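Visitor: A single structure is presented below for examination.
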Amino acid sequence: MFGMSNGYGVNPNGPPHLSAKEVLLEGETVNITCTSSSARPPPLLKFLVEDIEIDTNTNVSTTLDDSSGSFTSVSTLRSFKREWGNKCMSCQQLPEVNGLYHESVSNNVYIVYKSLYNPPSHLLLVIEHGNLSKVITASCTSLFADPACDIKWESTIEHFKYTLLENVTSKQATKSIISFNATLEDYGKQIRCRTECQYFKSVLVNATNVIFAKKPKVVVYSTSVLPVLPNTTITLTCVANAHPVGNITWTMLETSYLKSSPTKSCSNASTCTYELITSDVEQVYSCYAQNEHGSDERSIVIVHESKYKEDLNGKAFGILGVTIGILGGIAFLFIVIVVMCLCLRRNQEG
């Protein structure tokens, strides 16, 4: 019987007790405790999963009740294997000497074990690009997380602010829908959503670029530093920043000996290059870009080096002439002042 002396020791006064959290998350601190009943000598303890003994590395402590002279054993499990999860766990107490008293088993605890490596497994980001009003709607959905995770929004847009249109959470999914305003400066900036989970350390992130409809803005440049020598091969580049992309056309504008004429066209492109050989006269090339929302045009002047030097020399001679004229005027004025001073002096002496 429990608590009775058998001549050698004291029988346990009851079965052991198992204390454990019913939900255990992978990576968190484990504290599963088996406490024996009072007996003498101290009872031995074993952990069982589905009534089968498991190999454990436990910390065991023993306390003595001075009034009864019996001992209580406590065994604490600090680690947990994945294969033990989602099963019934119990513990068993037994005597140091076989047959000293009957073995007994504790209460069962069903431990739900949740792995950190599974959910959340999918994060879907969909962005609906607006028109020229630049109002953009984005939705982000986290799937297969139990319990469901929250969704947080971030962006490289400066002072990013958004309006939460919808936030729906079910058992394993969360959907968040937002809208925000974008300016021309925000074109191409990144918007991203990420999971924030109470029970999972893993984080999923998904991102996309902010793109909205806009008319072209043209930039033109030459691969060579202008001015250049005649009969030099150079490449002109036209970049049209637009969405969607449209058509780009290079045209040589009218000169004294040639009429305006298209030189090259690029369809559904954001960049268009044109290779040409410079002549001994000034050439002007225009880049015209157009999409469904508007158009833009820029031109570049191709000046050959000899013409550039002539212009510089002409300017230099002009500046020299002006300088000589100014200096001559100053000298003449000085002479007039000197003559007037001499005449005034003579009149005073006379």
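Visitor: Residues in region 168-176: is at least one farther than 15 Å from V126 by Cβ, of a type in the set (D, E, K, R) and at pLDDT 90 or above?
Guide: Among the residues of region 168-176, not one is farther than 15 Å from V126 by Cβ, of a type in the set (D, E, K, R) and at pLDDT 90 or above, which makes the answer no.
Visitor: If I ask for residues that are in contact with a Cys (Cβ under 9 Å, 6 or more places away or on another chain) and either in a loop (DSSP other than H, G, I, E, B) or basic (K, R) (or both), which ones from region 78-99 would you list?
Guide: Going residue by residue through region 78-99, those that are in contact with a Cys (Cβ under 9 Å, 6 or more places away or on another chain) are 90-93.
Matches in region 78-99: none.
Visitor: Ok, one more. If I go through region 138-156 residue by residue, how many of them are open to solvent by 40 Å² or more (accessible area, probe 1.4 Å), in a strand (DSSP E or B) and not basic (K, R)?
Guide: Counting residues in region 138-156 that are open to solvent by 40 Å² or more (accessible area, probe 1.4 Å), in a strand (DSSP E or B) and not basic (K, R) gives 3.
Visitor: Would you point out which residue out of V322, V284 is of a type outside the set (D, E), at pLDDT 80 or above and either open to solvent by less than 40 Å² (accessible area, probe 1.4 Å) or more than 18 Å from T251 (Cβ to Cβ) (or both)?
Guide: V284 is the lone residue from the list that is of a type outside the set (D, E), at pLDDT 80 or above and either open to solvent by less than 40 Å² (accessible area, probe 1.4 Å) or more than 18 Å from T251 (Cβ to Cβ) (or both).
Visitor: Would you pick out the residues in region 157-188 that are within 29 Å of K114 (Cβ to Cβ) and crowded, with 17+ Cβ neighbours inside 10 Å?
Guide: Restricting attention to region 157-188, the residues satisfying the condition of being within 29 Å of K114 (Cβ to Cβ) are 164, 166-177.
A173, T174, K175, S176, I177 - these are the residues of region 157-188 that are within 29 Å of K114 (Cβ to Cβ) and crowded, with 17+ Cβ neighbours inside 10 Å.
Visitor: Kindly evaluate F47 against the criterion of being over 14 Å from V10 (Cβ atoms), out of contact with any Ser or Thr (no Cβ under 8 Å at 6 or more places or on another chain) and not in a helix (DSSP H, G or I). Please lay out each step first, then the result.
Guide: Details: over 14 Å from V10 (Cβ atoms): yes; out of contact with any Ser or Thr (no Cβ under 8 Å at 6 or more places or on another chain): no; not in a helix (DSSP H, G or I): yes.
No, not satisfied.
Visitor: When P16 is evaluated against the numbered criteria (1) over 30 Å from A145 (Cβ atoms); (2) crowded, with 18+ Cβ neighbours inside 10 Å; (3) under 47 Å from the mean Cα position of the chain (by Cα), which criterion, by number, is the only one it fails?
Guide: Checking P16 against (1) over 30 Å from A145 (Cβ atoms); (2) crowded, with 18+ Cβ neighbours inside 10 Å; (3) under 47 Å from the mean Cα position of the chain (by Cα), the one that fails is (3).
Visitor: Next up: Would you call T141 of a type in the set (S, T, Y), modelled with pLDDT of 90 or more and either in contact with a His (Cβ under 9 Å, 6 or more places away or on another chain) or closer than 20 Å to V210 by Cα (or both)?
Guide: yes
Visitor: Inspect region 299-315 for any residue being at pLDDT 90 or above and more than 34 Å from the chain's Cα centre (by Cα) and give the result as yes or no.
Guide: Checked against the condition, which is being at pLDDT 90 or above and more than 34 Å from the chain's Cα centre (by Cα), region 299-315 yields at least one hit.
Visitor: Exactly one condition in (1) more than 22 Å from N107 (Cβ to Cβ); (2) open to solvent by 40 Å² or more (accessible area, probe 1.4 Å); (3) within 47 Å of the chain's Cα centre (by Cα) is not met by T56; state its number.
Guide: Looking at each condition in turn, T56 falls short on (1).
Visitor: If you scan region 217-252, which residues turn out to be farther than 29 Å from G294 by Cα, open to solvent by less than 40 Å² (accessible area, probe 1.4 Å) and assigned to a strand (DSSP E or B)?
Guide: V228, I234 - these are the residues of region 217-252 that are farther than 29 Å from G294 by Cα, open to solvent by less than 40 Å² (accessible area, probe 1.4 Å) and assigned to a strand (DSSP E or B).
The values are calculated or read from the model by the stated rules, or taken from the named source; none is laboratory data. Bear in mind that the values here come from a model prediction, so they are computed numbers and not experimental data. Note: ideal-geometry Cβ built from the backbone for every residue, glycine included; neighbour counts use all protein chains shown. Accessible surface is based on the protein model in full, side chains and every heavy atom, while ligands, DNA and RNA are left aside. Shrake-Rupley method; radii C 1.70, N 1.55, O 1.52, S 1.80 Å.
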